[in-house]
Ligand code: ATR
C-alpha cells in the first residue's frame with residue numbers, strides 16, 4: 001500500500017464520528033489498487049460540531065472528494081456549492097466531489113438500495129412499496145425509490161411525525177408517487193403488505209442489541225409475489241428475512257446496498273466502475289455475506 005502512494009496520489013476521505021469500524025476504506029482502497037488508480041482513501045474522525053473545520057481542511061489539502069457519515073450528513077449541506085436534486089429532497093449528503101475548489105454533494109445511500117433491487121431484477125417502478133422506519137436510512141431509501149419511479153410508498157414508524165415528514169416531501173415534490181404514513185401497528189402493517197410488491201425494513205430492529213427480533217411478528221401477510229428487503233447486513237439473515245424465506249418470498253439483506261452506495265460514490269470520484277464482485281468477495285472474507 002505505502003509503496004503505491006506518490007506525490008501525485010489523490011486523497012479521498014471519510015468524515016464522521018465514529019469512523020474506526022467503517023468498511024469504506026477497505027472497499028475503496030481495494031478497488032483503487034485493483035484498477036491501478038492513483039487514489040487513496042482515509043477515514044478522519046471529525047467530531048460533532050466540527051464539520052466547518054473539516055470542510056476547510058478538505059479545501060486546504062485539496063481532497064478529490066469525500067464521504068460523510070454520522071453525524072455530518074445533514075450539516076455538511078450548508079458548506080457545499082451544489083447539491084444533487086435527490087440529495088436536496090432527501091436532505092442529506094454522503095458523497096462530495098471537489099472540482100477546482102467547488103464542492104458538489106450527492107446521496108448514494110438510496111441509490112445503492114435501488115441498484116441492489118435492479119441487480120436482482122426486482123421491479124419497483126409503478127409498484128407499491130411498504131417501508132418500516134423513518135430515520136436517515138429510511139428517508140434516503142423512500143425518497144430515492146419515489147424519485148426513481150415507485151408508484152406508492154407507505155411508511156410505518158414508531159414515531160409518526162418523522163414518517164409524515166418523509167411522505168410530505170414525496171407528495172409535494174414527486175407527483176408520480178403516492179406517499180402514505182402510518183403509526184407502526186401490526187394489523188395495519190399486515191393489511192398494507194398484502195397488496196404490496198416490496199417490503200423494506202429500515203429500522204434497526206433485527207440487529208444488535210435487537211438481533212433475533214423482527215419489526216413484524218408474523219409472516220401471515222407475506223405473499224409469494226412479495227420481495228422482502230432488510231437494510232441490515234449483520235446478522236446476514238435477520239429474523240425478518242427468515243420469516244420471508246419460510247413464506248416462500250424472495251429476499252435480500254443490506255450488504256449489496258452498502259457495496260453499491262460505495263460503488264456509486266467511487267464512480268462519482270473516479271469516473272470508473274468499482275469491481276463490485278471483487279468487493280463482495282473481500283467483504284465475505286471479513287465475515288459479511290449477501
Ligand atoms: P438510521 O440512520 O440507520 O436510519 P436512525 O435515524 O436512528 O438510524 O433511525 C432508526 C429507525 O429505527 C427509526 O425509524 C426508529 O424509530 P423512531 O423514529 O420511532 O425512533 C426505528 N427503531 C429503532 N428501534 C426501534 C424499535 N425497537 N421499534 C420500532 N422502531 C425502532
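The values are calculated or read from the model by the stated rules, or taken from the named source; none is laboratory data. Given the structure is predicted, the values throughout are model-derived calculations rather than measurements. Quick reminder, even Gly has a Cβ in these numbers, built from the backbone with ideal geometry, and neighbours come from all protein chains shown.
Couple of notes before you dig in:
- Among the residues here, residue 186 qualifies as over 22 Å from the mean Cα position of the chain (by Cα) and within 12 Å of the ligand (Cβ to nearest atom).
- Of all residues making up the range 106-130, the number that are under 15 Å from the mean Cα position of the chain (by Cα) and assigned to a strand (DSSP E or B): 1
- Residues that are more than 7 Å from the ligand (Cβ to nearest atom), outside any strand (DSSP E or B) and in contact with a strand residue (DSSP E or B) (Cβ under 8 Å, 6 or more places away or on another chain), drawn from the range 131-145: 141, 142, 145
- Cβ pairs under 7 Å, 6+ apart, first in the range 211-225 and assigned by TED's automatic domain parsing to the domain that holds residue 189, second part of a loop (DSSP other than H, G, I, E, B) and exposed (fewer than 13 other Cβ atoms within 10 Å of the Cβ): 224/248
Every residue, every condition in (1) closer than 30 Å to residue 9 by Cα; (2) assigned by TED's automatic domain parsing to the domain that holds residue 148; (3) within 15 Å of the ligand (Cβ to nearest atom); (4) surrounded by fewer than 16 Cβ atoms within 10 Å (Cβ to Cβ), yes or no:
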residue: 182; (1), (2), (3), (4): no, yes, yes, no
residue: 190; (1), (2), (3), (4): no, yes, no, no
residue: 194; (1), (2), (3), (4): no, yes, no, yes
residue: 209; (1), (2), (3), (4): no, yes, yes, yes
residue: 235; (1), (2), (3), (4): no, yes, no, no
residue: 239; (1), (2), (3), (4): no, yes, yes, no
residue: 245; (1), (2), (3), (4): no, yes, no, yes
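- Pick from the range 61-80, criterion more than 12 Å from the ligand (Cβ to nearest atom) and part of a loop (DSSP other than H, G, I, E, B), ranking: surrounded by the most Cβ atoms within 10 Å (Cβ to Cβ): 72
- Residue check, residue 126 within 16 Å of the ligand (Cβ to nearest atom), at pLDDT 95 or above and in the same structural domain as residue 226 (by TED's automatic domain parsing): no
- Criterion (surrounded by fewer than 23 Cβ atoms within 10 Å (Cβ to Cβ) and under 27 Å from residue 172 (Cβ atoms)) met by exactly one of 88, 43: 88
- The range 146-157 - residue that is free of Cβ contacts under 8 Å to residues at least 40 places away in the same chain and not in a strand (DSSP E or B) and, of those, farthest from residue 88 (Cα to Cα): 151
- Residue 154 more than 14 Å from the ligand (Cβ to nearest atom) and either touching a strand residue (DSSP E or B) at 6+ places or on another chain (Cβ under 7 Å) or modelled with pLDDT of 95 or more (or both): yes
- Residues that are surrounded by 18 or more Cβ atoms within 10 Å (Cβ to Cβ) and within 12 Å of residue 35 (Cα to Cα), drawn from the range 263-275: 266, 270, 274
- For residue 266: the one exception among (1) in a helix (DSSP H, G or I); (2) within 16 Å of the ligand (Cβ to nearest atom); (3) within 16 Å of residue 109 (Cβ to Cβ): (2)
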